[in-house]
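The values are calculated or read from the model by the stated rules, or taken from the named source; none is laboratory data. All values reported here derive from a predicted model rather than from experimental measurement. No Cβ is skipped: glycine too gets one built from the backbone with ideal geometry, and neighbour counts run over all protein chains shown. When the accessible area is computed, the model is the full protein with side chains, heavy atoms only, and any ligands, DNA or RNA have been set aside. Shrake-Rupley method; radii C 1.70, N 1.55, O 1.52, S 1.80 Å.
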Amino acid sequence: MDVTVKIRNLSVWYGQQKALETVSITVPKGSVYAILGPSGCGKSTLLRTVNKLILLRDGAKVEGNVEVFGVDVYNSNSLSDEVLAKVGMVFQTPNPFPHLSIYDNVAIGPKLRGQAKGKELDKLVRWALEKSGLWDEVKDRLSRPASELSGGQQQRLCIARALAIKPSLLLMDEPTANLDPLNAAKIEELIKELSGEITIMLVTHDADQARRLASSGALLFLGKVVCEGPIDSIINGSYCDLLQNLVSEHLTTQTSKTKSKEIKKRG
Amino acid sequence: MKLDPLKILLSPAAIALIIVSASILAVLVYESLNTWIQDGIGFLLRLEWSPSEETYGTYGMLAPFLGSLVTAVIAMTVAGALSTALAVFVNEYAPKRFNNFISLALFSMAALPTIVYGMWGLSVFAPAVRQSGLASLCAMGSPTGYSVFTAGVVVGLMIAPFSAAMVLEAYRAVPFTYVEALHSLGAKGFERAGVILGLIKGSIIASALLSFGRAIGETTIVAMTVGNVINLPLCPFQPAHTITSLIASQFGNAYLYPGLQSRLLAGALVMVIGSSVSTSLGMWLARVTARRLKGESL
Amino acid sequence: MISWRLRRTMVDKVTFAAVAIASIALLFVGAHVILVALVEGLPVMAEKGLRLFIESPGLPGGGIGGFGPTLIGTIVMVLTASLAGAAIGVPTGILMNEYSSWWLSKIAREALQLIAEIPSIVVGLVVFVLVVLPMGRPSALAGALSLCITALPYIAAQTRESLAAIPMSYREAAFSLGLPKWKTVLRIIVPMNLRGIATAVLLGTMRALGETAPVLFTAGAAFHAFYGLDRPSSTLSLLIFFFAQTPYENWKRLAWAAVLQLIVLSMVLAFAVRKLSGEVKL
């Protein structure tokens, strides 16, 4: 089995607080790999260790091995840049650069890396927009600012932006969390289409979505991997069932806590 | 409606404040009325300056008017460039542990009275400009080092901490997800800065407008460093006057010269309008940009 | 491809160098301004000791003397300006926050905005026309009035902002006690925010202390004695402005001592403000 990402004994701290504890996962090549778990369990943190975005957070400390395409990205600086150039990312909230045009948003990655110019760049942008199913909707207004698009379109634009750098690995951090069901379905369709060609790591808290899209995955709870394997075994496996119950129980108390916190904040 | 005792208690102070600001405007307009009636905008377009104690002298304020503009533009440029550079340095290149030190340093600089910068300009920067020989670039360059350039730069340095605070705030207010997106695309420091500066362009222009408004009205530093000569500021290393330095040097005795006080107050009114428009525009733009940035992050 | 990468790396390095140099230059100027004042002012302070704060300036070309009368003038004018500024600014700030949609608040806000935008020299001109000319002479009182007007916007705006920053839950708790509004505001909300109001007044004091332009034509230029509230006086900043521009070495040295004194006073006020309420915009 070809492996795209291999993480071994990974621990992450934010200052004194431990966010991930001795996590080990293996992401097979060319599959959709789901990272499941309740909110605040470290899913996003885990995803961000793969392309080192985690280092942007204040006081973040990483320990352990993260191998992407066989390269240890935290211990081989010169190589890791080249490796990470093949990793794209899509975020929870659609975040196209609002002051740039639709075209420039897609072109920015390849432009910065000097991957394409002129006609070639035009072609690449078109390819990425077609891939993300946005081309027909925006082909007549490529020079309009991205902020004019709807939320769902913006998210597909972000996918196009990530695809334009021709990634071999796409990191997706709850890409449908802030979308209506119709747009969410479109994105899911997209992920399915892409899944044969590139490896996708998908963070989600929605077990149904994971079952629909992923072939394997891991369930995280309080910064630890509680089980990993084929997606069915995670969601339906008896061992995981027990944990699932625990998790959902914890989840409900957690959300009620955060809700009451929010109310307090709003005052 | 019942009378609210709190309103009654607080209103006199507010009314006093309103009276103060109304009388400032009233005095400016009333005292300069003569100028506007006799001359309209003409005094601003005339070059000749020949004071007289007996009759109405000619007080053309074109030179100091342009002096104010040039000085303020230089100051705005210096403050804008330095504060933008600082924002990029702090956010894209400098280690995070410098943040506290830099904000403390900026705070201290902002707390220094303008006269302190004036003194520095007078005894450190102006002599440095003189020794640099830059004045030889101008046909009528200043032999003393006091010039439009000197005044503009020192005013710019005085304003820079304020403008830097504003640009830094805007830079930090950019939602983190954009920063992450840029990193995920592999953008380097200058590329990230390019995109983010584009994102907060409005705030940068706003801070420039506020700087301009502040610089136009700055008196102390300018009077100490601009050279105080009525001179068209055709070249930056020439000594000149601004409206404020002219007022500072002439207003005390202006009542001896018929018509001069009215001209100077008319100049002050023009300056108030210029600085008000620039400042209001800047504050409006800053608000709009901040609101848009917040809205777009959702 | 390689050359592209090389170019990017180089542009990045150049950008880094440029912004680093600009930032360091700016901070260096700030340090240099203070350093020069220390180098020039400390010897004078050491030489004169406490007499610096008592004596009046020496004759041109003579001894250094001191800035005693000017210090008295400064304290009198700045304190008067702060107290008057507080008496007008604090109630206006409260009004603008507690009745933000009332018409008087709206006009007050516009008036405040206007004063804040007006160059401070203009305030001096107006007070000159309204007070100095009728009185026939500049005076400490006229100077204090000018400083008060320049400090007002800071005091009122900061008061309003500090009140607006009180968490809604406290505000709700205060109003849930069933007291009439004036009691709630004056007995609970304002006392809860004494720190914010003290900050506002100190900020105004700092402004008044640092300003030169408003007192240029209003306070007079009496450096040799303090003659009373209705008589010409002077402030430290005025002394620096006049003495630094003379050719006399002894007066320049006195001006440097005054610069150092002014820096110390401003810094003390600024850090008191910072201590009182954390991050404050100057």
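Mind giving me the FRET efficiency for A:Thr22 and C:Phe175? R0 is 56 Å, r the Cβ-Cβ distance, nearest 0.05 is fine.
The calculated FRET efficiency here is 0.60.
At 7 Å along Cα-to-Cβ for each site, give me the label-to-label distance between A:Lys29 and B:Leu232 in nm.
7.5
DSSP beta bridges in chain A, what fraction antiparallel, as a percent rounded to 5?
Here the share of antiparallel DSSP bridges comes out near 60 percent.
To the nearest 10 square angstrom, how much accessible area does B:Phe65 have with a 1.4 angstrom probe?
60
Once you put a point 7 Å from the Cα of B:Ala22 and another 7 Å from the Cα of C:Glu110, both along the Cβ direction, what distance in nm separates them?
Placing both labels 7 Å beyond Cα along the Cβ direction yields 1.1 nm.
In the range A:95-166, if every C-alpha pair distance is counted and binned at 10 Å from zero, what percent goes to each bin?
That works out to 24, 61, 15, in percent per bin.
What's the whole-number percent of alpha carbon pairs in the range C:107-153 lying beyond 13 angstrom?
The share of Cα pairs beyond 13 Å in the range C:107-153 comes to 54 percent.
Only residues of the range B:160-191 count here: report those whose backbone N is under 17 Å from the spot 7 Å along Cα→Cβ of B:Asn99, or say none.
Only B:165-180 pass the distance filter.
Could you give the spread of the C-alpha atoms of chain A along their three principal axes, from largest to smallest, in whole angstroms?
Largest first, chain A extends 54, 46, 36 Å along its Cα principal axes.
Over the range C:87-224, what is the mean sequence separation of C-alpha contacts under 8 Å (at least six apart), divided by residue count, expressed as relative contact order in percent?
In percent, rounded to a whole number, it is 39.
Give me log10 I(q)/I(0) at q = 0.09, 0.15, 0.17 Å⁻¹ for chain B, Debye formula, one equal scatterer per alpha-carbon, no solvent.
Here log10 of I(q) over I(0) equals -0.57, -1.16, -1.30.
Express in % the proportion of alpha carbon pairs of chain C at distances exceeding 26 Å.
That tail contains 55 percent of the Cα-Cα pairs.
State the antiparallel share, in %, of DSSP beta bridges confined to the protein assembly as shown, rounding to the nearest 5.
60
Return P(r) of the protein assembly as shown (all Cα-Cα pairs; 20 Å bins starting at 0; whole %; ordered from short to long distances).
13, 38, 30, 17, 2, 0
How far, in degrees from 0 to 90, does helix A:151-163 lean away from the longest principal axis of the Cα atoms of chain A, to the nearest 10?
The helix A:151-163 is inclined about 80 degrees to chain A.
From the convex hull of the Cα coordinates of the range B:1-156, what is the mean projected area in square nanometres?
Mean shadow area of the hull around the Cα atoms is 18.5 nm².
Could you give the size of the charge dipole of the protein assembly as shown about its Cα centre, using +1 on the Cβ of each K and R and -1 on the Cβ of each D and E, expressed in debye and rounded to the nearest 20?
Roughly 840 debye, rounded to the nearest 20.
Answer with one residue from C:Val268, C:Gly63, C:Asn250: the one whose Cα lies farthest towards the positive end of the charge dipole of chain C, charges on Cβ with Lys, Arg +1 and Asp, Glu -1.
C:Val268
Hey, could you pull the Cα Rg and Dmax for the range C:1-114, both in Å?
26.6, 75
Find which of B:Ala290, A:Gly151, C:Leu42 sits farthest along the positive direction of the dipole of the protein assembly as shown, computed with +1 on the beta-carbon of Lys and Arg, -1 on that of Asp and Glu, about the Cα centre.
A:Gly151
So, R0 is 35 Å and r is the distance between the beta-carbons of C:Trp102 and A:Gln92; what FRET efficiency does that work out to, to 0.05?
FRET efficiency, C:Trp102 to A:Gln92: 0.20.
Relative contact order for chain A: what percent, with Cα pairs under 8 Å and sequence separation of 6 or more?
26
Just the Kirkwood number for the range C:46-176, please: inverse of mean 1/r across all distinct Cα pairs, in Å, one decimal.
Result for the range C:46-176, one decimal place: 17.6 Å.
Projected onto the charge dipole of the protein assembly as shown (+1 at Lys/Arg Cβ, -1 at Asp/Glu Cβ, origin at the Cα centre), which of A:Gly15, C:Leu26, C:Val78 gives the Cα projection farthest towards the positive end?
Going by the Cα projections, it comes out as A:Gly15.
Note down the accessible area of B:Trp284, probe 1.4 Å, to the nearest 10 Å².
Looks like 140 Å² after rounding.
If contacts are Cα pairs under 8 angstrom and at least 6 residues apart, what is the relative contact order of the range A:95-166 in percent?
Relative CO of the range A:95-166 lands at 53 percent.
Which residues make up the longest stretch of chain B that has no trypsin sites (Lys or Arg not before Pro) in a DSSP loop with at most 10 other Cβ atoms within 10 Å?
Segment B:98-298 is the longest.
For the range C:2-50, compute Rh as the Kirkwood radius over C-alpha pairs and then the Stokes-Einstein diffusion coefficient at 20 °C and 1.002 mPa s; write the answer in µm²/s, rounded to an integer.
154
Would you compute, from DSSP H runs of 4+ residues alone, the mean residue ellipticity of chain A at 222 nm, taking -39500 (n - 2.57) per run and dividing by the full residue count, rounded to the nearest 500?
-13500 deg cm²/dmol
Would you calculate the separation in nanometres between label points at C:Ala31 and B:Ile41, each defined as 7 Å from the Cα along the Cα-to-beta-carbon direction?
The two pseudo-label positions are separated by 4.9 nm.
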